[in-house]
Amino acid sequence: MGKRFIFTGGGSGGHVSPALAVITELKREMPDSEILYVGMAGKAECAMVPKAGIPLKLVKSAPMPTGKSPVQLAKFAATLTLGILKAIGILLSFRPDLVFATGGYVSAPTVFGAWILRKVTFGLFKTKILLHESNVDLGRMNKMAAHAADFIAVSFPETIKSLKAEKSFYSGYPVRSTISQHDKSEARRSLGIPEKSFVIFAFGGSQGARTINRVLAESAPELLKDTDIFIINGAGKPFGSSGGYDGCKDVREILADKGLADNDRYLLKDFIDDMGLYYAASDLLVIRAGAGSIMEVCRQGKPSVIIPITNLANDHQVGNARFIGKLGAAKVVYEEPEALSPTGVAFADKNEFVKAVSELKNDPAGLKEMSEKAKNIFPGDPAKIIISNIKYMIGLSQKPEPVGCALRFNDRLIGLNSVTLESFMRKIASGAEKPLDPDEERLIKAKIRLLFVSKNPVFNARACRIAGIAGFCDLMPSILDFAKNPLSKPFAGRDAFWALSRLTKSCDERFRNDIFEAVLLGISNSYYETRFNAEECVPAFEKRFGFSSGEKGRLLETLYKNFKDRAFEVRMNAVSAASFIDRDSSRILKELQRCYYDSCWKVRISVMKALLQLSESGVVAPEAALAELDKILITSTGYTTEYELKQVYKTVKTAISTEIK
C-alpha cells in the first residue's frame, strides 16, 4: 500500500512552487503514493495545484494581525480555529503519513491540526510534520510552527543557526524541473534574435515587477544605443478579475514617450510559458530576489542584475541579493521610494542600472566567471534531498548524509529596523563599528529613504537623525523638505534641524540659501524643540558659509525675542547663536544683560559661555567681559556632586583673565 502525503502552503507562487517541485520528485520516487493539497480559496494554489493534477481541499485561515486591536485579534483567532477544525477533519479522513508545509498563513491550520491530533491522541496519530523555509530568516508562520515540526528543511544553511540542529537540514529551494533545456543558437532563432546579440532578459514573476519594468524601459534609449543589445522584457499581466498593475501597458507608455514604441530590439511579453527558451537565449538576467528566482537563475548558471524588494519584513530579498552579489554571481541595484512621494512608489536609479549592465556587457570574461560561480552556489538537487529525508522520516530508509553549502557572509545590515539602524549608525560614528563599505552605504541610504516616505512621523524623524549621524549630505533635499514644511509633524521638523546642524558643516554650496530660509523659519516655529534645534544651526552655518549683514539682521531679530522664550532650552541656544554672529558689542551686551538673572541657571551658564565667545572673537574686550561676568547671578538649584554653575564661572573667568595677561 502506498504512502499518503498532505502538502500545504500558499497565498503566493513562492510557497506553492517548491511544494509542486517536491511532489513531482515524490511521484517519480514513490509512484504509488497518494497526495492531497490543502490550501485556501482565492489564492495561487487554486490555479496552480489543479493544473498540476493534484487534488485540492480548502480551509480557512488568516494572517496574524500586526496591531493589538482586540477586534482584529478575535477575528484572527476565530478564523484560525475554524481552519484548524476543518483541517483536523481532512487529516482524520485522509490519514497522511507526513504533512509537508512550505509556510505562509495558509499552511497554519493543517500544521497545527496535525500537531494537536498527535497531542490529544497520545501518539496514536503518527503523522510526521516537515516544514520548508525558503528564506534565510524564518517566516512568521514557520517560526511559530518550528516547535511542532519533526524537521525543518532550509534553503540557506544559515537558517539552521536559529533552529535546533538535530531538527533541521539544508535542502536548498526546490525549483521547477519542467524548465526545458534549449541550445542557445536554436533559442535565438526561435525568438528571432540575432545570433551575435547581447541579450538582456528581465522578468518579475507572472504579474510583473513595476520597478524592473520601469527601470528597463526608462533605460532603453541609453542601452539600445549599443546596436549589439537586445532586450526581452517579461512585464507580466494583471491577475484575477479585479485587474491590477498592467506591466505591458506601463512599459508601452514609457517606450512610446521615448520614441521606442516599435523598436525591434525590445521584445515585450506579458506571460512567458517556456522560460527555458528565454533563459537559453539570454546573456544577462534582471530579476527580483525571491528565493525561487534566485535558485532557479543560479541553477541555470546565469549572471544577473538583482533588484530586491527593499521593504519586506526581515529584508528577505535584500539578504538573498547581497548573498549572491558577495559571492560574485550578480550585481545588486537597490530600489528606493520616490523622495517624499505621496504614493511611495519604488524605483531603481536608471543611471546606476545602465552602468551595471554596461560594465557587465563589456566584460565577457567577467560574465563567464559569474556564470560559473552561479552554478556552484547551491549544490545538490533540493527536491531529491527533501525526498530522501521524507523517506527517513516515514521509516523507509536510513538518515541521509547532510549536503554542504557555502555559508552566507555575516551581513550586519540585514534585519535592522529604524531603531536598531539608528543605534548601528551611532556605533559607526563613534568607531565602535567599522565604517560602511560603498555597497553598505547604498543600502543604508535606501533604507533611510524608505523612512522618509513613511506616513509615520516618528519614522520621518528617525530618518533625519540617521542621515545626520551618518553625514549623508546627498540626503539634504529630503531633510530640508521636513525643515521648511510648516505642515511637518513636530518630531520630524525638530530632528530635521538636528540633522541640519551637523550636515551644514560639510554640505554643498547649492544648499546654502535653502538652509538659511529653513533656519529662519525654524527659530520661530511653534514647537520649542524645533526652535532650539534650529538655533543650533546658526554657528554651523556661520562657519560654513557666513551670513550677510541683511541675513544677520533677520536672524537676530528673532533670536533676541527668543531670549525671553518660555522654554529655557530655546533661551540657552538663542544666547549662544546670537553671541556667535552679532558683532555689535554694545547691542549684544545689552541683550545678554536681560538673562543675567534668568530663572534657569542653565541659561546663565550659556550667558557665561557667550561672554567667553565674545571675548575670544574680539567683539568684547576681555576686561569688559570680566566685568559683565561678575554681574551674573551664580546661585543655582543645579547641585550635583559639583556646583556646575560656579565651576563654569571659574573656568570662564580664568580663560578671559588669561587673555588680559
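The values are calculated or read from the model by the stated rules, or taken from the named source; none is laboratory data. All values reported here derive from a predicted model rather than from experimental measurement. So basically every Cβ, Gly included, is an ideal-geometry build from the backbone, and we count neighbours across all protein chains shown.
Give me the pairs, please: first residue somewhere in the stretch 540-558 and under 15 Å from Asp584 (Cβ atoms), second residue anywhere and not in a helix (DSSP H, G or I), beta-carbon distance under 8 Å, and either six or more positions apart or on two chains.
If the second residue must be not in a helix (DSSP H, G or I), the pairs left are Lys552/Asp582; Leu555/Ile523; Leu555/Phe547; Leu556/Asp582.
Which one of these is in contact with a helix residue (DSSP H, G or I) (Cβ under 9 Å, 6 or more places away or on another chain), at pLDDT 90 or above and over 18 Å from Leu98 (Cβ atoms): Phe156, Phe169, Phe198?
Working: Phe156 fails: at pLDDT 90 or above; Phe169 fails: over 18 Å from Leu98 (Cβ atoms).
Every option except Phe198 fails the conditions.
Name, by its number, the condition in (1) surrounded by fewer than 18 Cβ atoms within 10 Å (Cβ to Cβ); (2) under 30 Å from Ala356 (Cα atoms); (3) of a type in the set (D, E, K, R); (4) outside the structural domain of Glu529 (by TED's automatic domain parsing) that does not hold for Asp508.
Among (1) surrounded by fewer than 18 Cβ atoms within 10 Å (Cβ to Cβ); (2) under 30 Å from Ala356 (Cα atoms); (3) of a type in the set (D, E, K, R); (4) outside the structural domain of Glu529 (by TED's automatic domain parsing), Asp508 violates only (4).
Counting only residues that are part of a loop (DSSP other than H, G, I, E, B) and of a type in the set (D, E, K, R), how many does the stretch 422-438 have? Working first, answer last.
From the stretch 422-438, those part of a loop (DSSP other than H, G, I, E, B) are 431-437; that's our starting set.
Remaining after also requiring of a type in the set (D, E, K, R): 433-434, 437.
The number of residues fulfilling the criteria is 3.
Collect the residues in the stretch 429-446 that are farther than 16 Å from Pro477 by Cα and among the charged types (D, E, K, R), keeping them in residue-number order.
Pass one, the stretch 429-446, residues farther than 16 Å from Pro477 by Cα: 429-444.
If the condition is that a residue be farther than 16 Å from Pro477 by Cα and among the charged types (D, E, K, R), then Glu433, Lys434, Asp437, Asp439, Glu440, Glu441, Arg442 are the ones that fit.
Answer yes or no as to whether Ile231 is of a type outside the set (Gly, Ala, Ser) and not in a helix (DSSP H, G or I). Spell out the reasoning first.
Details: of a type outside the set (Gly, Ala, Ser): yes; not in a helix (DSSP H, G or I): yes.
Considered against the rule, which asks whether it is of a type outside the set (Gly, Ala, Ser) and not in a helix (DSSP H, G or I), Ile231 comes out as yes.
Taking the stretch 502-542 on its own, how many of its residues are within 29 Å of the chain's Cα centre (by Cα) and among the charged types (D, E, K, R)?
Number of matching residues: 3.
Identify, by number, the condition in (1) surrounded by fewer than 18 Cβ atoms within 10 Å (Cβ to Cβ); (2) part of a loop (DSSP other than H, G, I, E, B); (3) within 17 Å of the chain's Cα centre (by Cα); (4) not charged (D, E, K, R) that Val419 doesn't meet.
The one condition Val419 does not meet is (2).
Do the conditions hold for Leu629, that is, is it touching a Lys or Arg at 6+ places or on another chain (Cβ under 7 Å), hydrophobic (A, V, I, L, M, F, W, C), at negative phi and surrounded by 18 or more Cβ atoms within 10 Å (Cβ to Cβ)? Step through it out loud before you land on a result.
Values: touching a Lys or Arg at 6+ places or on another chain (Cβ under 7 Å): yes; hydrophobic (A, V, I, L, M, F, W, C): yes; at negative phi: yes; surrounded by 18 or more Cβ atoms within 10 Å (Cβ to Cβ): yes.
Yes; evaluated as a whole, the condition is true for this residue.
Matching residues to (1) among the aliphatic types (A, V, I, L, M); (2) assigned to a helix (DSSP H, G or I); (3) under 30 Å from the mean Cα position of the chain (by Cα):
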site: Gly11; (1), (2), (3): no, no, yes
site: Glu25; (1), (2), (3): no, yes, no
site: Glu45; (1), (2), (3): no, yes, yes
site: Thr66; (1), (2), (3): no, no, yes
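Okay, residues lined up against (1) within 15 Å of Gly328 (Cα to Cα); (2) buried (at least 18 other Cβ atoms within 10 Å of the Cβ); (3) not assigned by TED's automatic domain parsing to the domain that holds Pro221:
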{"site": "Ala356", "(1), (2), (3)": "yes, yes, no"}
{"site": "Pro364", "(1), (2), (3)": "yes, no, no"}
{"site": "Glu372", "(1), (2), (3)": "yes, no, no"}
{"site": "Ile386", "(1), (2), (3)": "no, yes, yes"}
{"site": "Val403", "(1), (2), (3)": "no, yes, yes"}
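Pairs needed: first member in the stretch 573-594, closer than 23 Å to Tyr528 by Cα and of a type in the set (Lys, Arg); second member anywhere, modelled with pLDDT of 95 or more and buried (at least 18 other Cβ atoms within 10 Å of the Cβ); C-beta distance under 8 Å; at least 6 residues apart or different chains.
From the stretch 573-594, the pairs are Arg594/Phe563.
Tell me which of these Val106 doesn't satisfy, since it passes every other one: (1) in contact (Cβ under 8 Å) with a residue 12 or more places away in the chain; (2) of a type in the set (A, V, I, L, M); (3) out of contact with any Gly (no Cβ under 7 Å at 6 or more places or on another chain).
(3)
Can you find a residue in the stretch 439-453 that is surrounded by fewer than 21 Cβ atoms within 10 Å (Cβ to Cβ) and assigned to a loop (DSSP other than H, G, I, E, B)?
Checking the stretch 439-453: not a single residue is surrounded by fewer than 21 Cβ atoms within 10 Å (Cβ to Cβ) and assigned to a loop (DSSP other than H, G, I, E, B).
So Leu559 passes all but one of these: (1) in contact with a helix residue (DSSP H, G or I) (Cβ under 7 Å, 6 or more places away or on another chain); (2) at pLDDT below 95. Which condition number does it fail?
Condition (2) is where Leu559 drops out.
Among the numbered criteria (1) closer than 18 Å to Val297 by Cα; (2) touching a residue at least 60 places away in the same chain (Cβ under 8 Å), which single criterion is violated by Glu222?
(1)
Counting only residues that are buried (at least 20 other Cβ atoms within 10 Å of the Cβ), under 22 Å from Phe568 (Cβ atoms) and of a type in the set (Gly, Ala, Ser), how many does the stretch 511-531 have?
Adding up the residues that qualify gives 1.
Being in contact (Cβ under 8 Å) with a residue 24 or more places away in the chain and either touching a Pro at 6+ places or on another chain (Cβ under 6 Å) or over 18 Å from Glu529 (Cβ atoms) (or both), is that true of even one residue in the stretch 481-490?
Among the residues of the stretch 481-490, at least one is in contact (Cβ under 8 Å) with a residue 24 or more places away in the chain and either touching a Pro at 6+ places or on another chain (Cβ under 6 Å) or over 18 Å from Glu529 (Cβ atoms) (or both), which makes the answer yes.
Which residues, counting only those in the stretch 187-204, are surrounded by 14 or more Cβ atoms within 10 Å (Cβ to Cβ), in a helix (DSSP H, G or I) and not aliphatic (A, V, I, L, M)?
First pass over the stretch 187-204, keeping only residues surrounded by 14 or more Cβ atoms within 10 Å (Cβ to Cβ): 187-188, 190-191, 193, 197-204.
With in a helix (DSSP H, G or I) added as a condition, the list becomes 187-188, 190-191.
Of everything in the stretch 187-204, those that are surrounded by 14 or more Cβ atoms within 10 Å (Cβ to Cβ), in a helix (DSSP H, G or I) and not aliphatic (A, V, I, L, M) turn out to be Arg188, Ser190.
Could you tell me how many of the residues in the stretch 159-186 are assigned to a helix (DSSP H, G or I) and surrounded by fewer than 20 Cβ atoms within 10 Å (Cβ to Cβ)?
From the stretch 159-186, those assigned to a helix (DSSP H, G or I) are 159-162, 165-167, 184-186; that's our starting set.
In the following step, the residues that additionally are surrounded by fewer than 20 Cβ atoms within 10 Å (Cβ to Cβ) were identified as 160-162, 165-167, 184-186.
Qualifying residue count for the region: 9.
If we scan the stretch 364-376, do we find a residue that is part of a loop (DSSP other than H, G, I, E, B) and either closer than 23 Å to Ser155 by Cα or at pLDDT below 95 (or both)? Write out each step before concluding.
The first filter runs over the stretch 364-376 and keeps only residues part of a loop (DSSP other than H, G, I, E, B), leaving none.
The answer is no; no qualifying residue exists.
Please give the number of the condition Glu644 fails out of (1) closer than 17 Å to Ala574 by Cβ; (2) within 49 Å of the chain's Cα centre (by Cα); (3) charged (D, E, K, R).
(1)
Out of Ala624, Ala610, which single residue is under 49 Å from the mean Cα position of the chain (by Cα), touching a residue at least 12 places away in the same chain (Cβ under 8 Å), surrounded by 15 or more Cβ atoms within 10 Å (Cβ to Cβ) and assigned by TED's automatic domain parsing to the domain that holds Glu529? Give the steps one after another, and end with the answer.
Numbers: Ala624 fails: under 49 Å from the mean Cα position of the chain (by Cα).
Unique residue meeting the criteria: Ala610.
So that you can scan it fast, the table gives a plain yes or no per residue for (1) in contact with a strand residue (DSSP E or B) (Cβ under 7 Å, 6 or more places away or on another chain); (2) over 20 Å from Ile307 (Cβ atoms):
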| site | (1), (2) |
| --- | --- |
| Lys196 | no, yes |
| Gln207 | no, no |
| Thr211 | yes, no |
| Val215 | yes, no |
| Glu222 | no, no |
| Lys225 | no, yes |
| Cys248 | yes, no |
| Asp274 | no, yes |
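So which of Asp262, Asp273, Asp257, Asp283 ends up being surrounded by 15 or more Cβ atoms within 10 Å (Cβ to Cβ) and outside the structural domain of His15 (by TED's automatic domain parsing)? Write out each step before concluding.
Values: Asp262 fails: surrounded by 15 or more Cβ atoms within 10 Å (Cβ to Cβ); Asp273 fails: surrounded by 15 or more Cβ atoms within 10 Å (Cβ to Cβ); Asp257 fails: surrounded by 15 or more Cβ atoms within 10 Å (Cβ to Cβ).
Sole residue among the options that is surrounded by 15 or more Cβ atoms within 10 Å (Cβ to Cβ) and outside the structural domain of His15 (by TED's automatic domain parsing): Asp283.
Can you go through Ile479, Ile466 and tell me which one is part of a helix (DSSP H, G or I), over 21 Å from Ala610 (Cβ atoms) and outside the structural domain of Lys602 (by TED's automatic domain parsing)? Can you show your working first?
Numbers: Ile479 fails: outside the structural domain of Lys602 (by TED's automatic domain parsing).
Unique residue meeting the criteria: Ile466.
Answer yes if at least one residue in the stretch 48-68 is buried (at least 19 other Cβ atoms within 10 Å of the Cβ) and touching a residue at least 60 places away in the same chain (Cβ under 8 Å), and no otherwise.
Scanning the stretch 48-68 turns up no residue that is buried (at least 19 other Cβ atoms within 10 Å of the Cβ) and touching a residue at least 60 places away in the same chain (Cβ under 8 Å).
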